[in-house]
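Here the structure comes first, spelled out in structure tokens, and everything after it is commentary.
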Amino acid sequence: MKKKLLIGSLLIFILILIGIGMHWIFYSPTIAPKNSWYKAETDFSNIAQIDIVRNYKITGNETESWNADIDDKGRIKCYIIDKKLIISLKSFGEILANENSSKMFSEGKSLESINGINLLNTKNVTNMSEMFYNCGNLRNLDLSNFNTDKVIDMGIMFGGCIEIGELSLQGFNTENVENMAAMFFRCGKLKSLDVSNFNTEKVKNMRNMFSVCEGLEELDISSFDTKNVENMRDMFRNSNKLRSVKIGEKFVYTEDSCLAEGIIIK
């Protein structure tokens, strides 16, 4: 009997140890807020490539390194090699984006690619304003994995991404978003943009949302509900190639949105 109890206790102890071990193996730390996670002497505007990886192995070519997790314990570690920034997660989990991810990658003026962005879990984020602002060399961005269930602010999120030609937002849930002002401002190389899944019931500000999108020729905003929108000024200003806009019955067009003459409204 005592032997069975001893074996049982030992098994429980082993299971507890395994559970603790599994927790740390798949632990998902939170990155520091806004752009405060970036602590390098190298100006962020000079970074051309970002690689988000798990368990990076040091090569000896790194010129700078620092802790980027909110607790400063090194569970998220950053390294710089030339113009490449490596963001490494010290586990097999995910990097939890901070609740305030405003300006997270903003002013990445030389940034051409962000690899491994699927390792960034955005389930806790409420603020994505200016997240990629002025990333003027980014040419494509697939954010279809982004969880935006809690996001309230998407203002100027992609503003100034003048070279971006492909932008995938298929997974975006915008039911809680209140600010979309200048969200795609100056995304001049975008020829197509799928926002047909956007829920805009709570949005109050759409000012300059699609302004200076000089490459856009058609736009489907038939899902847009503008009943709570207080500012639609210059929404389409200087999007001069826009010739077809599909709207739904819940979209109320205002004259100051600068929808050019000759545009076919479906």
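Throughout, read-outs are computed from the coordinates displayed, never taken from laboratory work. Fair warning: this is a prediction, and the values are worked out from it, not measured in the lab. With ideal geometry, Cβ positions are generated from the backbone for all residues, glycine too; neighbour counts draw on all protein chains shown.
Laid out as a table, the results:
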item	result
Simple label model, 7 Å out from Cα along Cβ direction - residue 42 to residue 115, nm	1.4
Cα centroid separation - the stretch 65-109 against the stretch 112-134, whole Å	11
Share antiparallel - DSSP beta bridges, the chain, percent rounded to 5	30
Over 23 Å between alpha carbons, listed pairs 189/250; 123/202; 39/109; 150/246; 73/109; 150/227	189/250; 150/246; 73/109
Karplus-derived 3J(HN,Hα), 6.51/-1.76/1.60, for each residue of the stretch 85-101, Hz, glycine and proline x	10, 10, 10, 10, 8, 8, 6, 9, x, 10, 8, 7, 5, 5, 3, 9, 9
C-alpha long axis of helix 2-25 to longest principal axis of the chain, angle in °	40
Two-decimal log10 I(q)/I(0) for the stretch 152-214, as the Debye equation yields it once each C-alpha is a single scatterer, q = 0.12 Å⁻¹	-0.26
About the Cα centre, charge dipole magnitude for the chain (Lys/Arg +1, Asp/Glu -1 at Cβ), debye	1120
Helix-only mean residue ellipticity at 222 nm for the chain, each DSSP H run of n ≥ 4 adding -39500 (n - 2.57), per residue, nearest 500	-3000 deg cm²/dmol
Cα-Cα separations in the stretch 126-266 greater than 19 Å, expressed as whole percent	44
D (Stokes-Einstein, µm²/s), Kirkwood Cα radius, the chain, 1.567 mPa s at 4 °C	64
Computed FRET value (nearest 0.05) for residue 228 with residue 194, which takes r as the C-beta separation and R₀ as 30 Å	0.85
Extension reserve of the residue 250-residue 57 stretch, reckoned as 0.36 nm per residue once the Cα distance is removed	64.2 nm
Selection from 162, 196, 226, by position along the positive dipole direction of the stretch 126-266 (Cβ)	162
